[in-house]
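Asks: Once you've had a glance at the structure underneath, I'll fire off some questions.
Where a number appears in this text, it was derived from the coordinates with a stated rule and is not lab data. Everything quoted here is computed from the prediction, not taken from an experiment. When we count neighbours, we look across all protein chains shown, and the Cβ atoms used for this are built from the backbone with ideal geometry, even at glycine.
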Amino acid sequence: MTTNAQVRCRFAPSPTGYLHVGGARTALFNYLLAKRAGGTFILRIEDTDQTRNVRDAERQLLEDLRWLGLQWDEGPEAGGACGPYRQSEKLERYRAQARQLIDEGKAYYSFDTREELEAMRKAAEAAKRTFIYPRPKSFPSHADAQKARDAGRPVVVRLAMPERDITVSDTILGEVTIRAADLTDFVLLKPDGWPTYHFAVVVDDYDMKITHVLRGQEHLMNTPNHVALQWAFGYPTPVYGHLPIILNMSGSKMGKRDKDKAVRDAALAALKSGKVDDNALCQIADCPEFDQYLSWKEAQSQLTSEQLQRLGVALGIVLPEVQVHDFRQSGYLPEVLCNFLALLGWSPGDSREKFSMEELAAAFSIERINKANARFDRDKLLNFNLDGIAKATPERLLAAMRSYLEVSPASPFRGQSDETILNVLKLSAGVRTLREVETKAGALFVDDAAIRYDAAAVEKFLIKDAGAMGVLREVRKLLAELPTWETAALDAAVRAFVDEKKLKLAAVAQPLRIALTGGTISPAIFETLALIGREKTLRRIDRCLVSVGGAAIA
RNA sequence: GCCCCCAUCGUCUAGAGGCCUAGGACACCGGCUUUUCAAGCCGAGAACCGGGGUUCGAAUCCCCGUGGGGGCGCCA
């Protein structure tokens with residue numbers, strides 16, 4: 001393998017919220033490319049939109065990346081020789097660079113209002129043409145710009161695009177040529193003096209000596225702009241690779257909108273059935289204005305993740321995971337998510353599918369990235385996670401569970417000892433997610449008072465079977481008198497009892513399960529008894545005999 | 001409306017002109033196992049978007065359709 005210490009890749013998110021899977025895949029590919037080449041992985045924060053920056057978003061972003069295992073070599077909190085790594089900290093640099101282009105006649109001021117621009121765009125569409133900004137014959141001076149500012153007009157700086165076709169050499173897609181007639185003079189500096197994304201990206205990629213840029217295909221049409229800017233500055237052009245887009249199963253770009261849609265659909269169904277009204281939903285979502293709720297309901301706007309979460313809980317639906325944080329909360333293993341994401345748009349060429357992060361870094365190559373968009377198949381991810389959990393060592397699983405519990409305040413496993421969690425994990429073999437450990441064994445750890453008896457289960461195993469309550473009483477006695485309380489002894493004693501009574505094991509196991517958990521879901525019954533101990537077992541049997549027995553009589 | 005990208009089972013993909021009777025994985029379906037829920041085991045079905053070329057030969061190359069996706073911001 002040839003190592004190239006010069007390879008420098010970056011992931012450059014804007015801090016508008018949690019990291020999306022699409023962003024995670026982009027980060028992963030850049031990380032793998034850098035690691036494969038023995039190069040450097042850089043994190044840069046693109047916070048140039050003052051109106052969209054969300055407080056706390058950067059912290060979430062860093063946490064998500066670290067959770068995934070994508071530690072950056074240079075960037076916020078890591079430092080590095082090419083900083084600052086936040087665009088908001090280098091405004092002077094961008095302004096100076098813009099000034100240089102203006103003075104060289106490569107960029108110019110323009111003063112149009114949004115309304116004027118909108119009218120021009122509309123006119124172009126009506127005439128079935130691409131909108132091209134009408135470049136003035138002679139460029140305004142600095143003094144003209146100041147005068148416009150004083151007059152209250154928005155002053156921006158635009159790049160004078162070269163009047164020639166621009167061919168982007170993309171390592172994944174090949175050569176893509178955009179005709180000069182389709183290129184427009186785009187904005188470099190906004191009226192507030194902040195740089196646009198295009199401008200900051202080009203300056204920063206140069207400042208940070210970026211050699212390879214892997215990014216989503218939605219950026220492909222931005223690339224000619226970036227190339228033109230590099231020409232204007234005399235910067236080298238990095239190697240570009242535009243990754244296929246991750247789509248949801250219905251075939252459109254996967255994004256937070258998918259969550260809005262899931263909740264909206266559920267809300268509309270609930271409204272139709274008369275279960276709730278708009279006022280109630282608005283209140284649950286905690287919308288300050290009713291109009292905000294209405295606009296969301298009509299698919300005109302989106303709600304925050306927190307609002308959707310609340311509505312989801314109230315409507316009884318599970319939101320589709322789209323942000324990395326969601327996957328963590330659902331109990332996915334980060335290494336599994338990375339493995340799965342790596343296969344969306346890349347394949348090793350043989351039939352291997354399961355990779356550790358190290359194996360990925362060793363196998364990854366830019367040549368084997370696909371062109372076609374990929375759908376995000378949750379079923380396959382679930383299966384990968386099942387396999388990942390099954391193959392993980394107990395120590396790894398414990399650590400993953402602790403990490404999961406950090407973001408799951410309501411879990412009954414919070415505050416349990418490592419030993420208990422390790423035990424539960426062992427008994428829960430076969431779960432697909434860490435959260436499923438809760439459905440499988442969570443009821444064993446809630447307060448007795450929180451046990452809710454499942455009506456259908458009670459009916460089937462305790463009432464319809466006329467002898468069941470009696471059996472439960474006899475088993476209780478048996479268990480109370482057992483000399484030792486361990487799996488083998490429990491197993492032997494109960495099986496002997498069952499044989500003697502000519503019963504099936506299920507005739508004892510199912511009533512016991514209901515007594516212990518309220519339903520028919522639990523790990524293997526003898527291990528379960530051993531796990532929770534005699535005291536709790538007897539207490540719960542008594543509780544069941546009383547409450548279900550009472551119900552049976554009534 | 002304009003510009004761009006893409007096209008193999010339902011989904012992710014292998015396939016770089018003959019190794020293809022198109023391989024793997026998930027899902028689905030059938031069976032086995034079973035103290036529940038899972039899991040596990042065994043098995044089956046399932047695809048080269050259409051039409052033209054090029055070639056002795058095309059899933060693979062070219063063209064045209066069609067379909068899907070993305071972009072067209074003083075968002076990134």
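Asks: Taking 0.36 nm per residue of separation and subtracting the Cα-Cα distance, what length does fully extending residue A:489 through residue A:439 add?
Replies: Between residue A:489 and residue A:439, full extension yields an extra 15.3 nm.
Asks: First obtain the Kirkwood hydrodynamic radius of chain A from its Cα pairs, then insert it into the Stokes-Einstein equation at 20 °C and 1.002 mPa s, and state the resulting D in µm² per second as a whole number.
Replies: This corresponds to a translational diffusion coefficient of 77 µm²/s.
Asks: Plugging the Kirkwood radius over Cα pairs into Stokes-Einstein for region A:265-358, at a temperature of 10 °C and a viscosity of 1.306 mPa s, what D comes out in µm²/s?
Replies: Approximately 100 µm²/s, per Stokes-Einstein.
Asks: Return one number: the angle in degrees, 0 to 90 and rounded to the nearest 10, between the long axis of the Cα atoms of helix A:487-501 and the longest principal axis of the Cα atoms of chain A.
Replies: Compared with the principal axis, the helix lies near 50 degrees.
Asks: Going by how many other Cβ atoms sit within 10 Å of their own, how do A:219, A:212 line up, fewest first?
Replies: Fewest to most other Cβ atoms nearby, the residues stand as A:219, A:212.
Asks: Starting from the Cα of residue A:132, step 7 Å along the direction of its Cβ; do the same at residue A:298; then give the gap between the two resulting points in nm.
Replies: Label at residue A:132, label at residue A:298, 3.9 nm between them.
Asks: Cα axis of helix A:468-481 to longest principal axis of chain A: angle in degrees, 0 to 90, nearest 10?
Replies: The helix A:468-481 is inclined about 80 degrees to chain A.
Asks: Taking amide hydrogens as modeled 1.01 Å from N in the peptide plane, which residues meet the under 5 Å criterion relative to residue A:189, leaving out close sequence neighbours?
Replies: A:157, A:196
Asks: Sort A:138, A:428, A:522 by Cβ crowding within 10 Å, fewest neighbours at the top.
Replies: A:138, A:428, A:522
Asks: Taking neighbour Cβ counts within 10 Å as the exposure measure, how do A:290, A:461 sort from fewest upward?
Replies: Least crowded to most crowded, the residues run A:290, A:461.
Asks: If you fit an axis through the alpha-carbon atoms of helix A:21-36 and take the longest principal axis of the Cα set of chain A, what angle between them do you get, 0 to 90°, nearest 10?
Replies: In chain A, helix A:21-36 runs at an angle near 80 degrees to the longest axis.
Asks: Give, as a single signed number, the net charge of other residues whose beta carbon lies under 14 Å from the beta carbon of residue A:135, with Lys and Arg counted +1 and Asp and Glu -1.
Replies: Neighbour charge sum, excluding residue A:135 itself: 0.
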